[in-house]
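Before any comments, here is the structure.
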Amino acid sequence: MDRFDAVVIGGGAAGLGAAYRMAENGLNVLLIERGENVGEKSVYGGRIYSRVFEEYVKGFKDAPVERWVKKERLTFLDDKESVSIEYSSDETCSFTAILTKFNRWLSDRVEDTGALVVPGIMVEDVKLNPTRVVADGEEIECDAVVIAEGVNPMLTMKLGIRGDWKPEEVAVGVKEVFKLSESEINSRFDVESDEGVANLFVGYPIFTHGGGFIYTNKDTVSVGVVVRVDSAMKNKIEVYDVAEKFRAHKDVATFLKGGSMIEYSAHLVPEAGIRGVPGELHRNSILIAGDTAGFVLNRGFTIRGVDFAFYSGILAADSIREAMDIGDAGLSGQIYENKIKESLIMKELEKFRKALNVLENTRFFDEYARMMVEIMGGIFDVREESNRLYDVVMDKTKGRKLRMILDFLSAFRGL
Amino acid sequence: MESIENRLGLVSFTVDSEPHIKPEEEKCNNCSLKVCLYVCPAKLYREEDGKIYFNHEGCLECGTCRVACPEELEWKYPRGGFGVHYQFG
């Protein structure tokens, strides 16, 4: 078996970032992916923040972007009604994409740089002294390994770099993809052909940690629900039907009318922010990146992970390269720790440490979501006498004003 | 509402003969929580006469059952090339 400078485990955004950067910097790289094809095990909601990709990937303008997000919508849903807040802009910093296609495209770029991408192989073990990767009964020797195995950290746990997730640290996301014509999507969401909408929902049907989402792709729409695993357990939420319940709400159904479902998928999402990042991200010259390291930021109204994953792969690659330049690959772990600590990823996660406490408060997902709808309902109800805003607010917040003010203050500070 | 069976019918799988998740009969039947019955997004855990039955065909490989299970659940990914093939992940 050939010897490689570095082996990357996992063909998701993090692994592809690492392999791309290392090969670009002249290292002899092997990327191993368990899926029969790169991208087929990757699942997410639907939107990627673009900056990192624009900066690091040559030819990014040809990437399979579905639509550039020009409208951000936040919707509070109760059982029957809804209130939406929409932000519309000509500027954009994110795009919708099918992650399967996007990662496959990235994988082609990785191969262009000269790295070897081998799909359909499961890595069984990573061993130390000397560093080697065990797959298909073969031992592959290398100077460094990047483990980017995704949210289920099976190899990483075996190495003792991190423990398994607790139910309160991850959410399960279920997604349905609907086929609709491009022009139907344009008219229903009131956008041009290359423009997209990201719509997050709070409240119905789970009324607890998590919420619904709709992302518009070119000629498909991604719809689904994310619910924290501990809340699903506690509230006995039937996760297999939760997306269907969400989709049945009239204010969701209206976007999908006449469309046909073409795929159903599920995936875990790290939701513990900085608390989900283990104390150490390496063992010798074995580095962990992406979801495996917990690099996901959930602010309630946005969730960000794919760009962090890719960027952590880049930083892992640079650390390995620097260590090898010094002549000791064993230093790559420590260099990586420093790079990550000073990176945008950790700055962001640190900055939103308090958001974790805010998002812990279930009143935002239940009581306040319903209240938003009731207040708006009260204002617009003109069947007979109109209601003054003041009276509606006083009525709907009766007996919980102080608690509400404190909760909202915490939200202002944390989010 | 589209049944979970119909939705799983839209997903492409290469099923391995050997299951990659192995619940232990005794532990499962004596489990007081049985959260797997509702947290699995593919509804692969079923209960009949107090006994838990699991079918790995149709597994979406999310890992939720492993995280939610109060016991040590033997959980692995399917072998390379097997399992789910998402096209719109």
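The values are calculated or read from the model by the stated rules, or taken from the named source; none is laboratory data. Since the structure is predicted, the reported quantities are computational estimates derived from the model, not experimental observations. Virtual Cβ from ideal backbone geometry, glycine too; neighbours counted across all protein chains shown.
Of all residues in the range A:9-39, those satisfying the criterion of being closer than 14 Å to residue A:318 by Cβ and either part of a strand (DSSP E or B) or polar (S, T, N, Q) (or both) are A:25, A:29.
When residue A:196 is tested against (1) away from every other protein chain (no Cβ under 11 Å); (2) part of a loop (DSSP other than H, G, I, E, B); (3) buried (at least 24 other Cβ atoms within 10 Å of the Cβ), just one condition goes unmet, and that condition is (2). Residues that are free of Cβ contacts under 8 Å to residues at least 60 places away in the same chain, farther than 16 Å from residue A:24 by Cα and part of a helix (DSSP H, G or I) within the range A:309-339 comprise A:326, A:330, A:331, A:333, A:334, A:335, A:336, A:337, A:338, A:339, listed in sequence order.
Among the residues making up the range A:236-279, those that are part of a strand (DSSP E or B) and either buried (at least 22 other Cβ atoms within 10 Å of the Cβ) or at the interface with chain B (Cβ under 8 Å from one of its Cβ atoms) (or both) are A:261, A:262, A:263, A:264, A:265, A:266, A:267, A:268, A:269, A:270.
Here residue A:218 clears all of (1) farther than 23 Å from residue A:52 by Cα; (2) assigned to a loop (DSSP other than H, G, I, E, B); (3) more than 8 Å from chain B (Cβ to nearest Cβ) except the condition numbered (1).
For the range B:1-58, a residue qualifies if it is touching a strand residue (DSSP E or B) at 6+ places or on another chain (Cβ under 6 Å), under 29 Å from residue A:250 (Cα atoms) and of a type outside the set (A, V, I, L, M, F, W, C), and the qualifying residues are B:7, B:41. Identification of helices (runs of 4 or more DSSP H) wholly contained in chain B with 2 or more residues that are surrounded by 15 or more Cβ atoms within 10 Å (Cβ to Cβ) yields B:4-8, B:36-39, B:64-68.
Kindly check whether there is at least one residue in the range A:49-61 that is surrounded by fewer than 24 Cβ atoms within 10 Å (Cβ to Cβ), part of a strand (DSSP E or B) and in contact (Cβ under 8 Å) with a residue 40 or more places away in the chain. Yes, the conditions are met somewhere in the range A:49-61. When the criteria are applied in full, residue A:177 fails the requirement of being more than 20 Å from the chain's Cα centre (by Cα), more than 30 Å from residue A:279 (Cβ to Cβ), part of a strand (DSSP E or B) and at the interface with another protein chain (Cβ under 10 Å from one of its Cβ atoms). Considering A:121, A:161, the condition of being within 14 Å of chain B (Cβ to nearest Cβ), buried (at least 16 other Cβ atoms within 10 Å of the Cβ) and over 19 Å from residue B:73 (Cα atoms) is satisfied by A:121 alone. Here residue A:287 passes the criteria (1) within 27 Å of residue A:11 (Cβ to Cβ); (2) within 14 Å of another protein chain (Cβ to nearest Cβ) except the one numbered (2).
Just one of the numbered conditions (1) within 13 Å of the chain's Cα centre (by Cα); (2) touching a residue at least 24 places away in the same chain (Cβ under 8 Å); (3) more than 13 Å from every other protein chain (Cβ to nearest Cβ) is not true of residue B:74: (3). Criterion first (closer than 24 Å to residue B:61 by Cα, in the same structural domain as residue A:129 (by TED's automatic domain parsing) and not in a helix (DSSP H, G or I)) does residue A:301 satisfy it? Considered against the rule, which asks whether it is closer than 24 Å to residue B:61 by Cα, in the same structural domain as residue A:129 (by TED's automatic domain parsing) and not in a helix (DSSP H, G or I), residue A:301 comes out as no. Just one of the listed residues (A:372, A:346, A:376) is part of a helix (DSSP H, G or I), within 21 Å of the chain's Cα centre (by Cα) and modelled with pLDDT of 90 or more, and it is A:346.
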